[in-house]
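Here the structure comes first, spelled out in structure tokens, and everything after it is commentary.
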Amino acid sequence: MIPRRGRRVRPGTAGARCPPCGRRDTIGPEAGRVERGGRRPRRDRGRDVDGDGRGTLDGADVAQRRLRNQRLSGAPFERPAEVVGWLGAVQSQDYGPAKWSVGQRIAGAADAMLDRALADGTILRTHVLRPTWHFVLPEDIRWMLELTGPRVHAQNAYHYRRLGLDAATLEACDELLAAALRGGRQRTRKDLAAALGDAGVDAGGLRLVYILMHAELNGVVCSGALRGRQHTYALLDERAPQARRRTRDEALAELTLCYFTGHGPATARDLRWWSSLTAADVADGLELVGPRLRREVADGMTYWSAGPGSGPEPGAREPAGAVHLLQGFDEYVVGYQESRYVLDLSGSARAISGERPVFNHVVVLDGQVAGHWRRTLKSGGVAIEAALYRPPDGDRRRALQAAADRHGAFLGLPATLATRTL
């Protein structure tokens, strides 16, 4: 599903290592289709740009290679930290579905595995890159925040002003939150609101959302372990003592290489969208790591991806008819802006009328958006309903059932599947 250009994420709402190296404007729950009126670039066959003899590239090639580079097909990972490290960051404002995004890239993953990883601190959850939560690695959290946090603060500036949160107030709140968490304490949002209130700070409504986000972006707090079903916050210095620091150039190089390795082929504008960096920052990052990347052209746009030996080989394709049940904010869906059209080469999603779909998540068939789905947890099982753009034939029905069974196995529940045509 593809939200309209410029719609903002409502902050605070429910969400193997890469070589050294948000806004929702893609196919996601806010609209359920490719942006209405969005135009595909003029269709040109790609050409070999760097002269390495690797041939041409088109939109279908881009989609297939992304499936492999994002590890939705090909060799799976073994642990959540490997997934998060490979992708750099995984959007996670909706925590339950975000666990599935990580889990479906792991062999034999289970839902509880992600809770354990968050509790152990092998992955962390914080606001970074864009004004929404992401899973990140503890060793990466500090330099990512230092690189992208100022850009997210700039996006939040209007809300800070509207809520009466001036610099002095926010700085004081950072100090109060640090004091409330120091000594290894992990506290819920309700606990922290009470601590702020005791100090005379109005932390009601959206003020608390932006106070906590400000502290996350400044590297004061990050996720703790779950307390039942409630998320907690912890002091970042105590939760991630191994967090690395980078010079600005080192951070730009690492983020650029990591993005194009785990998300490529993608464009410079895609990276700008994903990271909230400026066009100049992205250009600097490409200059720093360009020799380590593959550069190609498809549909009149320049695409970057990992160089030889840094990721799956470009010719690798997943078997025809493969189905993935992706949550609406999966990185395959939300990790791109300029080149999001490659998920809908036939225009099927764009042809759907402008109403928001009833199902938030995305069915992907052969790398293309083929419909939407939702799950309903029931006593003793999970019911999956899929609304498809075209009626499934026998093979596709079996592929859909196999995908539903994989999701059920992740939850530890038997899965039933019902389909209808949009």
- Is it true that some residue in segment 74-85 is more than 12 Å from the chain's Cα centre (by Cα), crowded, with 23+ Cβ neighbours inside 10 Å and β-branched (V, I, T)? no
- Query: If you scan segment 316-329, which residues turn out to be under 14 Å from S73 (Cα atoms) and assigned to a loop (DSSP other than H, G, I, E, B)?
  - Reply: A316, R317, E318, P319, A320, G321, A322
- Kindly indicate whether V289 is modelled with pLDDT of 95 or more and outside any loop (DSSP other than H, G, I, E, B). yes
- Task: Just one of (1) assigned to a helix (DSSP H, G or I); (2) crowded, with 20+ Cβ neighbours inside 10 Å; (3) of a type in the set (A, V, I, L, M); (4) not assigned by TED's automatic domain parsing to the domain that holds G219 trips up A112, so point out which.
- Result: (2)
- Message: Just the residues that are closer than 14 Å to G371 by Cβ and under 24 Å from the mean Cα position of the chain (by Cα), please, taken from segment 384-422.
- Response: I384, E385, A386, A387, L388, L400, A403, A404
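Could you please let me know if A403 is in a strand (DSSP E or B) and buried (at least 18 other Cβ atoms within 10 Å of the Cβ)?
no
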- Return yes or no: is R187 crowded, with 19+ Cβ neighbours inside 10 Å, under 19 Å from M144 (Cβ atoms) and either touching a Phe, Trp or Tyr at 6+ places or on another chain (Cβ under 7 Å) or among the charged types (D, E, K, R) (or both)? no
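The values are calculated or read from the model by the stated rules, or taken from the named source; none is laboratory data. In this text the structure is predicted, and so the values were computed from the model without any measurement. Glycine also receives a Cβ, built like all others from the backbone with ideal geometry; neighbour counts cover every protein chain displayed.
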